[in-house]
1. Could you go through region 84-97 in sequence order and give the Karplus-derived ³J(HN,Hα) for each residue, using 6.51 cos²θ - 1.76 cosθ + 1.60 with θ = phi - 60°, rounded to whole Hz, and x for Gly and Pro?
2. Would you calculate the convex hull of the Cα atoms in region 38-115 and tell me its volume per residue in Å³?
3. What does the highest-first list of 94-102, 78-86 look like by mean Cβ count within 10 Å?
Amino acid sequence: ARAGRSAAANAKYPQRHPHRPVSSSGSKFVSRRLPYYYTGSLNAVRSIIAGPEGWRGLYAGLLPSLIGSSVSWGLYFFIYNNAKSRWRQQLGAEYEAGGLSSWHHLVSAAEAGVL
């Protein structure tokens, strides 16, 4: 299931990619001066494919994006699991009887999200 989600996210990467320069360039007045002003998604895809990189241009930045996401999610789950371990140690016998409650999972996730 995880491999399928990764493949789907990578296949959809070109759909999100053309919007980044437009959304980060500010107002329309400013962005019209920039070389990557697009009038829509189809125009963006055509412009990128017609550019010097061709079809590869649609996936420009994919590797740094994947590395950043992997590191970010890896740290998140590392902190989340450590927080749950602390709860298990604090609860002791209570944990053995019923496991962690939804509240404990919520607080652990919030801790991981903040850090």
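No value in this document is a laboratory result; all are computed from the given coordinates. Here the structure is a predicted model, which is why all the values come from computation and not from measurement. Here the Cβ positions follow ideal geometry from the backbone for every residue, glycine too, while neighbour counts run over all protein chains shown.
1. Ordered by residue, 3J(HN,Hα) equals 5, 4, 4, 4, 4, 5, 5, 7, x, 5, 4, 5, 4, 6 Hz.
2. Details: hull volume 10.9 nm³, N = 78.
Output value, Cα hull per residue: 140 Å³.
3. Details: 94-102: 11.1, 78-86: 14.9.
Descending packing order for the listed peptides: 78-86, 94-102.
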